[in-house]
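Structure first, commentary second.
Coordinate-derived values only; no laboratory data. Predicted model only: the values in this text are computed from it and were never measured. Using ideal geometry, Cβ is built from the backbone for each residue, glycine included, and neighbour counts are taken over all protein chains shown.
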Amino acid sequence: MTAPLQRALAVLGAPVLAVSLIGCANKVSTSGFSGEERAVAQTISNLQADATAADEQKICRNDLAAAVVARLNGAPGGCRQAVKSQVSEVDSLNMTVQSVQLGGSGAPRTASARVKSVFEGKMRPSTVTLVKEGGKWKISGVS
């Protein structure tokens with residue numbers, strides 16, 4: 001399992017969302033971005049670091065959007081257990097944030113990041129969606 005956070009933990013609406021953007025102690029580079037785009041890429045990097053450290057509490061508290069956490073909390077064991085089960089299945093993942101698109105200036109602010117990751121031995125593109133909550137970017141979906 002590795003396809004962008006196992007399709008962001010099984011498509012963010014399912015009882016699992018967070019960890020196919022992770023793996024193998026590789027760090028997501030944010031150096032090609034600046035400003036808000038860099039903050040978006042940094043959120044993805046933080047998720048990868050927290051998943052690599054198997055810190056489910058940080059993932060649920062800091063990396064995932066409130067709506068995602070609420071959905072995962074509805075599953076048996078809650079967000080932490082859902083994330084833990086997904087993290088334990090990750091084999092290895094190299095991921096690159098290729099581009100970041102910021103949404104409009106309305107509330108809530110949104111963004112999407114185009115990422116490439118290795119899944120079943122092949123590079124696969126995915127789109128990570130984010131929302132700005134409390135001044136921080138949080139992951140709201142993966143497709």
Near-label residues of segment 54-73 by backbone N, under 19 Å of a point 7 Å along Cα→Cβ of L102: none
Proxy reagent accessibility, fewest Cβ within 10 Å first, across D63, D55, D50: D55, D50, D63
